[in-house]
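Data block below; observations after.
The values are calculated or read from the model by the stated rules, or taken from the named source; none is laboratory data. From a predicted model like this one, the values you see are computed outputs, not experimental measurements. Neighbour counts are summed over all protein chains in view; Cβ atoms, including those assigned to glycine, are modelled from backbone coordinates with ideal geometry.
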Amino acid sequence: MKKTLFLLVVSVIVFSIPSCANKNKDTTQTENTYSGIMPDKDNAGLKLPQGFGALKAAEGLGEARHLAVTKEGDIYVKLSDLKNGKGIYWLHDANGDGKAEQMKGFGNFIGTGIYIKNGYLYASSNTEIFRYKLNEKGEVINQDNSEKIVTGLIDRHQHESKSIVLDDNGNIYVNIGAYSNSCQEKDRTKGSSGRMPCPILDSAGGIWEFKADKLNQTYGVGIRYATGLRNVVGLDWNTDNNTLFVMQHGRDQLHDLFPDLYDSKQSAELPAECMYELKQGANCGWPYIYYDEIQHKKILAPEYGGDGKKTGGEDAIDPVVAFPGHMAPNGLLFYTGNMFPERYKHGAFIAFHGSWNRAPEPQKGFLVAFVPFKGGKPNGDWEIFADGFAGTDVIQSTNDAKHRPCGLAQGPDGSLYVSDDVKGTIYRIIYTGR
C-alpha cells in the first residue's frame, strides 16, 4: 500500500513538471487558462493556423482604422467616421473574459493613425497629429485637452489618411499620401502623360519626420524622410535594426489607362504591393516606376515611356517583400510578444484590406499575412496567417466583404489585435496550442 501510494505521488509530480522542449507552449496555455480568455466557438469566423484561436473583443464601432493597446490591456481605436460625435474610442475589459464591456469615446476628429509612446497617446486626423497625456493606468488624463503636435498636412481627398509611428529617439513619422494615381497631367485619364518632374513629391508622396514633443509643427520644420511612395497606410518601427518599414499601395488602372500595353489580367495582378525598409533619404520610385512581382523587376511606368518591359528606377530602392497587386496593405506590425510560437517572434504581420482594382478578376486581400524575419530582415516566404474576414470565398466587389482588416496591435500578453473598418469589429487572436 505504501509503495503504491509513493508511486502515485511520484507520477503526479513528474507529469506536473513542464518539459523544457515545450516551455513556451505550456507557459502560454497557463496564461490563457488563468486569464479566462477563450476563443469564440467559431474562432470569430476566422481561419487560423493550428493552435490559434480568435474572439471578438468588441463589435459595432463603425469605421475602425488603426488601434493601440496599453500595458494594462485597454484598447484605443481611431475611427475614420465619427461614432456618436467621437473619433477615438477607449475599450476596457472589466471582467477578464477578453471582451470589452466598457466603451468611451472622445476627440471630435476623424482619421487613421493612433500610437502609444512614452506616456502619451498620439492620434491623427487627415491634416493634424495630436497627443493626450496618459496616467499610470494608461488612461487619458483629460480627454478634452489634447496637444497639437503637427498641423497643416495636405488633405486633397485622395490618399489622405495620416498613419503614424514613433521611434525610440523622440521622432514621429507620418505618411503624406500622393493626391494622384500616377502623377498624370490629367489624373486617371486614358493615355495622359506623367508630369516630369512630378511636383506632388515636394509636399506629398512620402514619409515626413517630426519631433514627437514639439507643438504646432508644419512642413517647414519637418524632414522629408523618404520619397517616391504613392500611399502608405501600414507602417511600423523595427527595433531589431532600428529602421522604419512601410507597406505601399501600388498604382491603379494599368489597363484602363493604357489598354494597348496591358490586358485586364495584367492590370489585376500588377503592380506589386511592396514592403520597403527605409533609411533617411530613401527613394522608392513612384510615380516613375512600379515593381513587377512576376518579372521581379522595377518597371518604367507607362506615363513615362514604359511598355511593361522596360526597366527603370536605377536610383530607387528595391522592396524587401513583394506581394500580389491590389490587396491594399493597411496595417503592419512587428511581433515582439511571447505568446505565439518562436517562429513568429520578430516577424511581420500585414493586414490586407482588400482593394477594388482587380475587376473583372475576383478581388483579393481581406486577410492577415505573415512574413518571418531574422535580424531585422525577411527570412522566408510570406504566408496567409488569418483569413475569413470577408465571410465569403469569392469577392467580386469590396462591398461583398462583411469585414475588412485594417489595423494591427499587440497586447501585453502577446495577443494580436485586428481592427475591421466595415462594422467596427475588434478581433483578438491568441495561441492555445490546441
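Would you say Trp382 is within 17 Å of the chain's Cα centre (by Cα) and not hydroxyl-bearing (Ser, Thr, Tyr)?
Details: within 17 Å of the chain's Cα centre (by Cα): yes; not hydroxyl-bearing (Ser, Thr, Tyr): yes.
So Trp382 fits the description; yes.
Only one of Thr398, Thr311 is under 29 Å from Gln253 (Cβ atoms), surrounded by 14 or more Cβ atoms within 10 Å (Cβ to Cβ) and over 13 Å from the mean Cα position of the chain (by Cα); which? Talk me through it step by step, then tell me what you get.
Numbers: Thr311 fails: surrounded by 14 or more Cβ atoms within 10 Å (Cβ to Cβ).
Residue meeting the stated conditions: Thr398.
In the stretch 245-268, what residues are buried (at least 18 other Cβ atoms within 10 Å of the Cβ), within 25 Å of the chain's Cα centre (by Cα) and of a type outside the set (A, V, I, L, M)?
Correct list: Phe245, Gln248, His249, Gly250, Arg251, Asp252, Ser267.
Please find, within the stretch 63-77, the residue that is surrounded by the most Cβ atoms within 10 Å (Cβ to Cβ) out of those that are of a type in the set (D, E, K, R) and more than 13 Å from the chain's Cα centre (by Cα).
So in the stretch 63-77, the residues of a type in the set (D, E, K, R) come out as 63, 65, 71-72, 74.
Imposing the further condition that a residue be more than 13 Å from the chain's Cα centre (by Cα) reduces the set to 63, 71-72, 74.
Values: Glu63: 22, Lys71: 10, Glu72: 12, Asp74: 20.
Only one residue tops the list, namely Glu63.
Would you call Glu59 closer than 15 Å to Asp420 by Cα, surrounded by fewer than 18 Cβ atoms within 10 Å (Cβ to Cβ), in contact (Cβ under 8 Å) with a residue 60 or more places away in the chain and of a type in the set (D, E, K, R)?
On the way: closer than 15 Å to Asp420 by Cα: yes; surrounded by fewer than 18 Cβ atoms within 10 Å (Cβ to Cβ): yes; in contact (Cβ under 8 Å) with a residue 60 or more places away in the chain: yes; of a type in the set (D, E, K, R): yes.
Considered against the rule, which asks whether it is closer than 15 Å to Asp420 by Cα, surrounded by fewer than 18 Cβ atoms within 10 Å (Cβ to Cβ), in contact (Cβ under 8 Å) with a residue 60 or more places away in the chain and of a type in the set (D, E, K, R), Glu59 comes out as yes.
The conditions are (1) closer than 30 Å to Lys104 by Cβ; (2) in contact (Cβ under 8 Å) with a residue 40 or more places away in the chain; (3) part of a loop (DSSP other than H, G, I, E, B), and Gly234 fails exactly one of them. Which is it?
(3)
Taking into account only those residues within the stretch 337-379 that are under 17 Å from the mean Cα position of the chain (by Cα) and small (Gly, Ala, Ser), which is modelled with the lowest pLDDT?
Ser355
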